[in-house]
1. Within region 63-135, which chymotrypsin sites (Phe, Trp or Tyr not before Pro) sit in a loop by DSSP and count at most 15 neighbouring Cβ atoms inside 10 Å?
2. Can you give the extra length, in nm with one decimal, that the chain gains between L53 and S135 once fully stretched, where that is 0.36 nm per residue apart less the Cα-Cα distance?
3. Can you give the convex hull volume per residue for the Cα atoms of the chain, as a whole number of Å³?
4. So if each residue of separation counts as 0.36 nm, and I subtract the Cα-Cα distance between K18 and K144, what length gain in nm does that give?
5. Of all the stretches in the chain, which is the longest one without any exposed loop site, taking trypsin sites (Lys or Arg not before Pro) in a DSSP loop (any state but H, G, I, E, B) with at most 11 other Cβ atoms within 10 Å?
6. Under the rule that an exposed site lies in a DSSP loop and has at most 13 other Cβ atoms within 10 Å, name the longest stretch of the chain with no GluC sites (Glu not before Pro) of that kind, not counting the sites themselves.
7. Calculate the spin-label point distance for A86 paired with E126, positioning each point 7 Å from the Cα along the beta-carbon direction, and give it in nanometres.
8. Less than 19 Å apart at the alpha-carbon level, and either on another chain or at least 8 residues along: which lysines does that give for K75?
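Since every read-out is calculated from the coordinates, none of them should be taken as a lab result. Everything quoted here is computed from the prediction, not taken from an experiment. Backbone-built Cβ (ideal geometry, glycine too); neighbour counts: all protein chains shown.
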Amino acid sequence: MSKIEDFLTTAQEQDIIKAIEVAENNTSGEIRVHIENKTDLPPKERALEVFHLLEMEKTELRNGVLFYVAVESKKFAILGDEGIHAKVTENFWDAEKELMLSYFKKEEFALGLVLAITEVGNKLKEFFPYHSNDSDELSNEISKG
Ligand code: CA
Ligand code: CA
């Protein structure tokens with residue numbers, strides 16, 4: 001098995017997908033998780049590439065948020081599109097990164113992701129409340145590559 005497959009159990013993946021679903025029930029914002037093995041780039045740079053590969057800029061309100069993890073490289077980043085980026089401060093992203101890091105250090109990867117996804121969802125809700133005609137613009141499935 002590859003390192004990506006070892007990173008999360010199937011049950012943990014389901015927990016993460018569930019956290020995304022719960023978050024998106026309260027906001028029009030869209031959250032995605034992408035997991036890959038390695039990157040030579042700084043994680044934020046690679047996250048931006050992945051953001052475009054997954055066409056995450058195609059949300060109506062530009063409010064997609066990507067959680068990017070490179071397992072073997074031990075790097076991760078959280079990247080919000082310009083809609084959400086215009087609303088929150090850099091401190092917010094730093095706090096979420098710190099939260100994830102504190103769990104990642106204990107190898108509690110799933111829990112770190114679930115908690116950060118939940119907090120980002122709550123923040124998205126403040127600025128981008130859910131509307132009854134909301135659609136699931138970006139898949140909630142974990143993207144792997
Ligand atoms: Ca949506
Ligand atoms: Ca979604």
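1. Sites meeting the loop and neighbour criteria: Y130.
2. 27.5 nm
3. 95
4. Gain on stretching K18 to K144: 43.6 nm.
5. That gives 1-73 as the longest site-free run.
6. Answer from the scan: 1-54.
7. 1.7
8. K3, K38, K44, K97, K105, K106, K144
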